[in-house]
1. Scan the helices (runs of 4 or more DSSP H) fully inside the stretch 104-222 and keep the ones with 3 or more residues being buried (at least 16 other Cβ atoms within 10 Å of the Cβ) and at pLDDT below 95.
2. Within the stretch 286-304, is there a residue that is loosely packed, with under 11 Cβ neighbours inside 10 Å and of a type outside the set (Phe, Trp, Tyr)?
3. State which residue is farthest from Leu197 (Cα to Cα) when the search covers only the stretch 268-285 and only residues that are surrounded by fewer than 17 Cβ atoms within 10 Å (Cβ to Cβ) and in contact with a Pro (Cβ under 7 Å, 6 or more places away or on another chain).
4. Looking only at the stretch 268-277, how many residues end up being outside any loop (DSSP other than H, G, I, E, B) and within 15 Å of Ser111 (Cβ to Cβ)?
5. Do you know which residues across the stretch 253-290 are in contact with a Leu (Cβ under 6 Å, 6 or more places away or on another chain) and within 16 Å of Val187 (Cβ to Cβ)?
6. Can you say whether Ala214 is over 29 Å from Pro117 (Cβ atoms), small (Gly, Ala, Ser) and touching a strand residue (DSSP E or B) at 6+ places or on another chain (Cβ under 6 Å), as far as the supplied structure shows?
7. Scan the stretch 256-281 and report the pairs whose first residue is free of Cβ contacts under 8 Å to residues at least 60 places away in the same chain and whose second residue is hydrophobic (A, V, I, L, M, F, W, C) and surrounded by 15 or more Cβ atoms within 10 Å (Cβ to Cβ), with Cβ atoms within less than 7 Å and a gap of 6+ or a chain change.
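The values are calculated or read from the model by the stated rules, or taken from the named source; none is laboratory data. Note that the structure is predicted; figures quoted are calculated from it, not measured. Please note: Cβ atoms are built from the backbone with ideal geometry, for glycine as well, and neighbour counts cover all protein chains shown.
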Amino acid sequence: MAGALVAVLGGSGFVGSAVSARLAARARGAGGGTRPGVPPFPAELVAADLTEPGAVAAAVAGADVVLPLVLFTGGGTWRSPPGAADAARVNVGIVAEAVDAARGTVVFAGSTSQVGPGAPERIDGTETDHPESEYDRQKCAAERVVLAAGGCSLRLPTVFGPSTGSPDRGVVTAMARRALAGEPLTVWGAGDVERDLVFVEDVAEAFAAAVAHADRLAGRAWLVGSGAGVAVRALFELVAATVAELTGRPAVPVRSVPPPPYATASDFRSLVADPAGLTLATGWRARVPLADAVSRTVAHLLQSSMDSPRPGTPNPA
């Protein structure tokens, strides 16, 4: 894939910006060779409104590989989208347009949660999907379009970390912000449900590896994960301890609260992804330890807060 042209749709988003930065770094030769078999790629930045007629086709024109990393929440979240039809227009429609217009391979960003609540707590990619939420149903619909066209999908677990694009709205960053504000962290019930977390830089490397080995991955969905779960309470305690270490303040408490009415069955079952298939096909594996990833995330939030103008302070920009 040396010299390939890669189009990243949604390159200003949380994951998309990390993937774009990783590919751009390889194009400049920065960090090249950190993963065997992953060559540098040329890079160019293009601004576009992908909801405009013909915009997707223009954005992917001439691309050898297309990464549709778009996500529409309309101010909502994956848990409560503002409207299924509006979200599907982007989350499924733009992906389908990209597949129709692409001359080369499409690498999609799926989710490990697509398997639904009936799957085992540790999944290896052989499970049958029974998506529970509208978000997961849309992911499944878009993924089917991609795989039918010979593309591939990387199903992502909980992804977190600093971003140069849209901010990370995930649970790790949310809890880190609360701890930095001196607020207690809350878990639903005992907090013993396990989640698989992967640092955003490792996810960017997974997409770079998928681009390099697109022929090997074609026609299948592949799991991205650390292969190890962490209990939610233990994760929040790590966040609290990390904030305390970096600020010199006492750690905020982690408290149990009753689950809210909107909690779903998936919220009470553990989910850990075994990435052995992807590792065998591409050599990729998650390399940033959880403690280091949390520390880097908190440090970024601290630096960002120091760089932001205080209320009433003129903004030099």
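1. Ranges flagged: 134-148, 200-212.
2. No, the stretch 286-304 contains no residue that is loosely packed, with under 11 Cβ neighbours inside 10 Å and of a type outside the set (Phe, Trp, Tyr).
3. Filtering first and then ranking leaves Gly283.
4. The total comes to 3.
5. The answer is Val254, and nothing else.
6. In short, yes.
7. Note: pairs meeting the criteria are Pro275/Leu223; Pro275/Val224.
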